[in-house]
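J.: So that we are looking at the same thing, I have put the structure below in structure tokens.
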Amino acid sequence: MSQSSAKRSVSADSASAIMSHSSGSRRMSANSASKVNFATTSKESTEETVLILYEGNFDEWLREISDMFIAKGRPTQVYPSIAHVENDTITYHPSTFSDLDAIFDRISPELEARIPLDDLEAKAGVLYAWLENLCKKPFRILDLPVELRLQIYEEVIEPIYKRGTSRSIINDDGDEPDRRRPALAQVSQQLRQEVLPVYITFSNFYAYAIGDVNPHWLADMLTQWEFTWPGTSLQALNSFSLVMPTEQCVYDDRSGTRQERIVGSQINVQVSFNESKGLQINQHHSLPYLKPESRKMLNDVCAEVEEERKESNAKGEAILVLLRRLCEMGDPDSINWLGLWEDDVTEQEYYRGSRYS
């Protein structure tokens, strides 16, 4: 039989014992002589080192409390402190204010704040039963205010998924969208809706347009990846990089002949979003010779999508609209599918790096 569900009776001896304790630090509730208001009691500091009850140490704490009452010659106050059971009704041994003070002095303030003090009978057994139910049932994180939940999510996600970490949107096999998500987001639908935006905010996503990657295939992959996120999660998206390889034929400055070597590098087209500045596009690259008309083309496309974003009240998900548009503009038969860089440069231009500075 569960103590928490059984009916609790208060003996006349218990009520009279508490009422006679007029000098005690805890006073009787105005509603019932069998109930006591513990909330006004302050814990007295002692030199003795005691184990304080939190949610995770109930069994250990209970052993120490039992040893304490046995040492005081109060064995009736040892858990579960039941006097007798009759017809599914539990009658607990009466407790004094001193007994109850000894218990409360060993309960953390955070836990005590969650105890319905005005509604509990003034008996150690009743308190034990309530504390056991409180400490051993799963902690309901969703009962916390949303502001506290978001702080908890950040504390959990930050050590595992470092802020600013780059994450590919394509799986390790290179043929499907990456679907890896934080374990906390798999617990329930509500947690998924709350945790994923935090995870997205922490991440810098990227896609490599390398090898035989077709820009039109990449546009489709961006769409598939978008559909792996539930609801409005991607509104929290604030950074995405499109990394493209480059190959230039370098000419010998002295002879004017073409050298038979290909210089490989990459251009990183990074798209960012925030509420105040909207969509922005930046070109971080190791090549100094990105064509001026390429910069203008990227900025024009970005401005076009930004206007559309404002009209539709979209947020971070507009990043994917911009990236898809760039991919769809690309020539699938060319490695320089957006024509961003010069295919041929002189050796002097390559090493000087100031052709378009």
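J.: With the condition kept exactly as written, say whether any residue in the stretch 194-216 is β-branched (Val, Ile, Thr), assigned by TED's automatic domain parsing to the domain that holds VAL269 and touching a Pro at 6+ places or on another chain (Cβ under 7 Å).
T.: Taking every residue of the stretch 194-216 in turn, at least one turns out to be β-branched (Val, Ile, Thr), assigned by TED's automatic domain parsing to the domain that holds VAL269 and touching a Pro at 6+ places or on another chain (Cβ under 7 Å).
J.: Then there's this: Report, by residue number, each residue of the stretch 60-89 that is farther than 12 Å from ALA102 by Cβ, among the hydrophobic types (A, V, I, L, M, F, W, C) and part of a helix (DSSP H, G or I).
T.: Residues satisfying the conditions are TRP61, LEU62, ILE70.
J.: Further question: Conditions first: (1) in contact with a Lys or Arg (Cβ under 9 Å, 6 or more places away or on another chain); (2) at pLDDT below 90; (3) among the charged types (D, E, K, R). LYS123 passes all but one, so which condition is the exception?
T.: Checking LYS123 against (1) in contact with a Lys or Arg (Cβ under 9 Å, 6 or more places away or on another chain); (2) at pLDDT below 90; (3) among the charged types (D, E, K, R), the one that fails is (2).
J.: Run down SER233, SER294, SER286 and say which single residue is at pLDDT below 95 and closer than 30 Å to GLN186 by Cα.
T.: Answer to the selection: SER233.
J.: When the stretch 271-283 is examined, which residues are found to be modelled with pLDDT of 80 or more, surrounded by fewer than 19 Cβ atoms within 10 Å (Cβ to Cβ) and part of a strand (DSSP E or B)?
T.: Here is the first cut: in the stretch 271-283, the ones modelled with pLDDT of 80 or more are 271-281.
Remaining after also requiring surrounded by fewer than 19 Cβ atoms within 10 Å (Cβ to Cβ): 272, 274-278, 280.
If the condition is that a residue be modelled with pLDDT of 80 or more, surrounded by fewer than 19 Cβ atoms within 10 Å (Cβ to Cβ) and part of a strand (DSSP E or B), then SER272, ASN274, GLY278, GLN280 are the ones that fit.
J.: Do we have SER22 as polar (S, T, N, Q), assigned to a loop (DSSP other than H, G, I, E, B), assigned by TED's automatic domain parsing to the domain that holds VAL126 and modelled with pLDDT of 90 or more here?
T.: Working: polar (S, T, N, Q): yes; assigned to a loop (DSSP other than H, G, I, E, B): yes; assigned by TED's automatic domain parsing to the domain that holds VAL126: yes; modelled with pLDDT of 90 or more: no.
For SER22, the condition - polar (S, T, N, Q), assigned to a loop (DSSP other than H, G, I, E, B), assigned by TED's automatic domain parsing to the domain that holds VAL126 and modelled with pLDDT of 90 or more - is not met.
J.: For the condition under 18 Å from ASN238 (Cβ atoms) and either aliphatic (A, V, I, L, M) or not in a helix (DSSP H, G or I) (or both), what is the one hit in LEU322, LEU298?
T.: None of the others qualify; the one that does is LEU322.
J.: Tell me the residue from ALA209, ALA185 that is under 30 Å from MET329 (Cα atoms) and surrounded by 15 or more Cβ atoms within 10 Å (Cβ to Cβ), please.
T.: Details: ALA185 fails: under 30 Å from MET329 (Cα atoms).
Exactly one residue qualifies, and that residue is ALA209.
J.: Scan the stretch 67-94 for residues that are charged (D, E, K, R) and more than 21 Å from VAL50 (Cα to Cα) and jot them down. Talk me through it step by step, then tell me what you get.
T.: Quick first cut of the stretch 67-94, residues charged (D, E, K, R) only: 67, 72, 74, 86, 88.
Residues satisfying the conditions are GLU86, ASP88.
J.: I need the helices (runs of 4 or more DSSP H) fully contained in the stretch 91-143, keeping only those with at least 1 residues that are buried (at least 21 other Cβ atoms within 10 Å of the Cβ).
T.: Details: elements: 97-104, 109-112, 124-136.
Qualifying helices (runs of 4 or more DSSP H): 97-104, 124-136.
J.: So in the stretch 335-347, with the set limited to residues that are exposed (fewer than 15 other Cβ atoms within 10 Å of the Cβ) and either in contact with a Cys (Cβ under 7 Å, 6 or more places away or on another chain) or within 18 Å of GLU293 (Cα to Cα) (or both), which one is modelled with the highest pLDDT?
T.: Ranking the qualifying residues of the stretch 335-347, first place goes to ASP343.
The values are calculated or read from the model by the stated rules, or taken from the named source; none is laboratory data. Please read all numbers here as calculations on a predicted model, not as lab measurements. For neighbour counting, all protein chains shown are included, and Cβ atoms are generated from backbone atoms with ideal geometry for every residue, glycine included.
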